[in-house]
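> Let me begin by handing over the structure; questions about it come next.
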Amino acid sequence: MEIVWFATFAVLLAGYFALEGFDIGLGVLLPVLGRSPAARDRLVGAMAPFVLANEVWLIALAGVLFGAFPALEGPVLSGLYPLVSVVLLAWIVRDAGLWFRRRAGGARWRLLWDGAVCAGSAGLALGWGAVLTAVARGLPASPLDPLGLAGGVALLALLAWHGRTFAAWRLDGARGGSLLLSACAAALPAALVVAGAAGRMLGDAAPDQTLTVLGVMVVPFVPFLVGAQVWVWRTFSKGALPTFF
Amino acid sequence: MDVVDLARLQFAVTGNLHFLFVVLTLGLAPLVAIMHTRLAISGNLLYERMTRFWGQIYVINYALGIFTGLVMEFQFGLNWSGLTSYAGDVFGTPLALETLLAFFLESTFLGLWIFGWHRLPRGLHVACIWLVTLTAYASALFIMVANSFLQNPVGSAEEGGRLVLRDFGALFTNPTLVFALPHVLSAGLWAGGFVVMGASAYHLYRRTAEREFFTRSLRIGVLTAFIGSLFTVGFGYAQFGPVSDVQPDKFHGAVPGLALGLMITIGQFVQFGVMFVLAPLLIRDLLARWRWLHPLLMLMTPLPFVAAIAGWLTREVGRQPWLVYGKLSVADALTPGLTPAAITASFAAFAGVLGLLAVVDWALIIRAVRRGPGEVALGAPDHSADHSPAPAHSF
């Protein structure tokens, strides 16, 4: 059972970066690719219908960490206390930007929340880069050293590229091949880190009784989880852009 | 304040903020789903306007439920790692199921519903909001299972200094769950009904052009509040028996005692008011026509939210000093080595950001209510994916 839940964890983490990675990257590039308010609306409209379905991979990941690897949850999260706090705050600020930017009129209101989308996305990318670097190094006491920062900047660049290929695919009719490539690249660092932590995770999984209960409950719903995600992609990959976010 | 107090205060602030938004989500979701269903069956344009207007209130409110919920989920690992290391093998199971089964689907279907206007076939679009409602209720079930385990740790046994899962089914028949879950869900209906009632009263009082829209909405709001308040109060009193069995001293402290008194006062008076005054006045739409009553309806709108917070204070403060009742104290669950500087900074950051966003969100809900059904962004026409007339000089 440990193997199954480790694989679930790895798939959720890699999937989070492959999917939510382009939302984060596009948010970082919002002022670069969208110089005018109309251009920013277009970019946000491209990613908007995917965001809710993408970010939830991380929420599910945290749930799996809690349910299947409880002995690791506390040490990993509290061991990276400042970084995890920054990632969380950046996530909230990015989401607030998306939810609020069109909820009131006025150019300044929109500019403020577009700024929140960009700053929050940048914080998410930098924070996640530093988190992955820290986990790869075995949770050093001060993860925000030059190496951690370099990891943050590297992930920021990677996700920005991923966001750009998504925008080119959704808005300018570019082929899906480069989007698939950038998605794999965005997931790669996280996949490598989690592969490196495999031994530790398998040793620290919850007892079989807990894992079996989780498996029995979750497996019947896997077709629904996958189906819902596929439905999102089939619905929003083409055509006009929704205007709610 | 020491580290434990600050960590507790942080959990209390984020938890209460979370529930203020979640309780409305739970109440409005089924109402919006029913409106959308009536639209699909009748094709009546009034129901489209109702679905979009109340749906937009629901969706704006939903945002803060997510933000506060994120902090709740990660706070366990950040501040309370003693809980996961002691009880994670049991307590983590319902939380994992909530995120993987309930919220994963809820968030995905909500995205399909929000952005699916003009795109999804009407029947499937309606199915999305029903699935959102169903998964929201499933979320409430799993979270209440987890909370009830903390109140009364059934289905588990201590082995080698930590709890192991013995009987998963016992988590779902926990006496601290079976009446508390319908109590919470009914309170959601009550809160949703009162928001619909108060917003309708505002438009009727202002004599806006939307008389029919808000006369019907007022009826929906009062009837929902009638059902919600009846079951909230019923399942509230029903909890005294099981609670006195497992936590006999629960209401003896000053805070839980006062909070319980406040909740019962609000609950009993307002429930009688809805049952004996507001609901009968729906006959011949007297309530919609008696304009002098409308300011009172607006003033009553926050009451179920106040009662809900008082209820949680009773439930949570009343089990102190235990995090897992009788097994693990709050102080022992604190993350080892948590410094005052770290917890102060994180409390200031999370409470500050979430508090600010909550105020912004309430202001946006009020703004959406005042603008009325004539200016609703939810379900507005899509925008062409081609470059706009004034293209960005980028790429």
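> State the Cα centre-to-centre distance between the stretch B:1-62 and the stretch B:233-294 in whole Å.
Centre-to-centre (Cα) distance: 21 Å.
> What residue among B:His252, B:His203, B:His383 shows peak mean-square fluctuation when chain B is described by a Gaussian network model with Cα springs under 10 Å?
Checking each option, the largest mean-square fluctuation is seen for B:His383.
> Right, another one. Based on the Cβ-Cβ distance of B:Ala157 and B:Ala348, what FRET efficiency does E = 1/(1 + (r/R0)^6) give at R0 = 41 Å, to the nearest 0.05? Let's see the in-between values first.
Numbers: r = 40 Å, r/R0 = 0.98.
With R0 = 41 Å, the Cβ-Cβ based efficiency is 0.55.
> Please build a GNM for chain B, connecting alpha carbons under 10 Å apart, and tell me which residue among B:Val154, B:Val277, B:Val306 fluctuates the most.
Ranking B:Val154, B:Val277, B:Val306 by mean-square fluctuation puts B:Val277 first.
> Only Cα pairs under 8 Å and at least 6 apart count here; give the relative contact order of chain A as a rounded whole percent.
On the way: 307 pairs, mean separation 84.4, N = 245.
Relative contact order of chain A: 34 percent.
> Also, I was wondering about something else. Using a 7 Å offset from Cα along Cα-Cβ at A:Ala38, what residues in the stretch A:217-245 end up with backbone N under 16 Å from the label point?
Under cut-off, by backbone N: A:241.
> Working from Cα positions, state the angle (0 to 90°, nearest 10) between the long axis of helix A:176-196 and the longest principal axis of chain A.
30 degrees
> Now for a different question. Which order results if B:Arg319, B:Arg8 are arranged by neighbouring Cβ count within 10 Å, fewest first?
Details: B:Arg319 24, B:Arg8 21.
So the ranking, lowest neighbour count to highest, is B:Arg8, B:Arg319.
> In addition: Answer with one residue from B:Gly352, B:Phe115, B:Ala380: the one whose Cα lies farthest towards the positive end of the charge dipole of chain B, charges on Cβ with Lys, Arg +1 and Asp, Glu -1.
B:Ala380
> Calculate the FRET efficiency for A:Ala174 and A:Asp208 from the Cβ-Cβ distance with a Förster distance of 41 Å, rounded to the nearest 0.05. Present the calculation step by step, with values, prior to reporting the outcome.
Details: r = 47 Å, r/R0 = 1.16.
For A:Ala174 and A:Asp208, the calculated efficiency is 0.30.
> Quick check: pseudo-label points 7 Å beyond the Cα along Cα→Cβ at B:Arg289 and A:Ala195, how many nm apart are they?
7.6 nm
> Does anything in the stretch A:215-245 have its amide N under 15 Å from the 7 Å Cα→Cβ label point of B:Asp386, and if so which residues?
The answer is A:239-241.
> Related question: Using the alpha-carbon atoms, what tilt in degrees (0 to 90, nearest 10) does helix A:37-68 show relative to the longest principal axis of chain A?
Computed tilt is about 10 degrees.
> Can you name the helices of chain B, as whole DSSP H runs, whose Cα span along the helix axis is 30 Å or more and whose Kyte-Doolittle mean is not below -0.5?
Span-like helices in chain B: B:3-42, B:45-79, B:122-151, B:180-206, B:211-238, B:340-371.
> Separate question: Helix A:81-100 versus the longest principal axis of chain A: what is the Cα-based angle in degrees, 0 to 90, to the nearest 10?
With rounding to tens, the tilt is 30 degrees.
> Using a 10 Å cut-off around each Cβ of peptide A:166-177, what is the average number of partner chain Cβ atoms that fall inside?
Details: counts 0, 1, 1, 0, 1, 4, 4, 1, 0, 0, 0, 0.
Counting other chains' Cβ atoms within 10 Å and averaging over A:166-177 gives 1.
> State to the nearest 20 debye the size of the charge dipole of the stretch A:2-236 about its Cα centre, where the only charges are +1 on K and R beta carbons and -1 on D and E beta carbons.
My answer is approximately 1020 debye.
> Then there is this: So, by mean Cβ neighbours within 10 angstrom, what's the order for B:68-79, B:174-185 with the highest one leading?
Details: B:68-79: 23.6, B:174-185: 20.9.
So the order, starting with the most tightly packed, is B:68-79, B:174-185.
> In debye, nearest 20, what is the charge dipole magnitude of the protein assembly as shown about its Cα centre with +1 on Lys and Arg Cβ and -1 on Asp and Glu Cβ, if you could check? Before the final figure, lay out the partial values.
Values: 39 positive and 33 negative charges, 509 e Å.
About 2440 debye.
> Right, another one. Subtract the Cα-Cα distance of B:Leu230 and B:Glu375 from 0.36 nm times their separation in residues, and report this length gain in nm to one decimal.
Values: separation 145, 0.36 × 145 = 52.20 nm, distance 3.45 nm.
Full extension of this stretch gives 48.8 nm more.
> Right, next: Go through A:218-224, B:23-29, A:63-69 and give me the packing order, highest mean Cβ count within 10 Å leading.
Details: A:218-224: 13.3, B:23-29: 26.0, A:63-69: 27.9.
Output ranking for A:218-224, B:23-29, A:63-69: A:63-69, B:23-29, A:218-224.
> Next question, about the same structure. Using every alpha carbon pair in the stretch B:259-344, what percent of pairs falls into each 10 Å bin from 0 up to the bin containing the largest distance?
Values per bin, smallest distances first: 14, 27, 23, 15, 12, 8, 1.
> Can you pull the mean other chain C-beta count within 10 Å for peptide B:112-119? Provide the component values of the computation, followed by the final result.
Details: counts 8, 1, 6, 14, 6, 3, 3, 6.
If you average over the peptide's residues, the count of other-chain Cβ atoms is 6.
> How big is the Kirkwood radius of the stretch B:3-371, worked out from every pair of different alpha carbons and given in Å to one decimal?
On the way: mean 1/r = 0.0463 Å⁻¹.
Value: 21.6 Å, from the Cα pair sum.
> Neighbour counts of other C-beta atoms within 10 Å: give me A:Cys184, A:Cys118 arranged from fewest to most.
Details: A:Cys184 14, A:Cys118 22.
With the fewest neighbours first, A:Cys184, A:Cys118 line up as A:Cys184, A:Cys118.
> For the stretch B:1-83, what relative contact order do you get, as a whole percent, if you take Cα pairs closer than 8 Å and at least 6 residues apart? Show your work: numbers first, answer last.
Details: 48 pairs, mean separation 32.5, N = 83.
Once normalised by length, the contact order is 39 percent.
> State log₁₀ I(q)/I(0) for the stretch B:1-114 at q = 0.13, 0.17 Å⁻¹ as given by the Debye formula over alpha-carbon point scatterers of equal weight, solvent excluded.
For the stretch B:1-114 at q = 0.13, 0.17 Å⁻¹, log10 I(q)/I(0) is -0.63, -0.91.
> Sticking with this structure for a sec: Using a Förster radius of 22 Å, what is the FRET efficiency between A:Asp145 and A:Ala7 based on their Cβ-Cβ separation? Nearest 0.05, please. It would help to have the intermediate numbers written out before the result.
Details: r = 32 Å, r/R0 = 1.46.
Once rounded, the FRET efficiency stands at 0.10.
> Here's another thing I want to ask about it. Among A:35-43, B:227-235, B:257-265, how do they line up from the highest to the lowest mean number of other beta-carbon atoms within 10 Å?
On the way: A:35-43: 19.0, B:227-235: 21.0, B:257-265: 17.2.
The most tightly packed comes first, giving B:227-235, A:35-43, B:257-265.
> Which percent of Cα pairs goes in each bin when the distances of the protein assembly as shown are cut into 10 angstrom slices starting at zero?
3, 16, 26, 27, 18, 8, 1, 0
> For the stretch A:2-236, what Kirkwood radius comes out of the mean inverse Cα-Cα distance, in Å?
Working: mean 1/r = 0.0541 Å⁻¹.
For the stretch A:2-236, inverting the mean 1/r across all distinct Cα pairs yields 18.5 Å.
> Note down the magnitude of the dipole of the stretch B:3-371 about its Cα centre, charges +1 on Lys and Arg C-beta and -1 on Asp and Glu C-beta and zero elsewhere, to the nearest 20 debye. It would help to have the intermediate numbers written out before the result.
Details: 23 positive and 17 negative charges, 355 e Å.
Once rounded to the nearest 20, the dipole reads 1700 debye.
> Under 5 Å between amide H atoms, partner at least 5 residues away or on a different chain: which partners does B:Ser156 have, H built in plane at 1.01 Å?
Result for B:Ser156 returns B:Arg166, B:Asp167.
> For chain B, what relative contact order do you get, as a whole percent, if you take Cα pairs closer than 8 Å and at least 6 residues apart?
Values: 514 pairs, mean separation 100.0, N = 395.
RCO, chain B: 25 percent.
> With each run of n ≥ 4 DSSP H residues scored as -39500 (n - 2.57), what mean residue ellipticity at 222 nm is computed for the protein assembly as shown after dividing by its residue count and rounding to the nearest 500 deg cm²/dmol? Before the final figure, lay out each step's value.
Numbers: 27 runs with 489 residues, N = 640.
Result for the protein assembly as shown, helices only: -26000 deg cm²/dmol.
> Still on this model: Average partner chain C-beta neighbours within 10 Å, per residue of B:379-385?
Numbers: counts 3, 4, 3, 7, 8, 4, 11.
Neighbouring Cβ atoms belonging to other protein chains average 6 per residue here.
Every number in this text was worked out from the coordinates using simple rules, so none of it is lab data. Not measured: the values here are computed from a predicted model. FYI the Cβ positions are ideal-geometry reconstructions off the backbone, even for glycines, and counts take in every protein chain you see.
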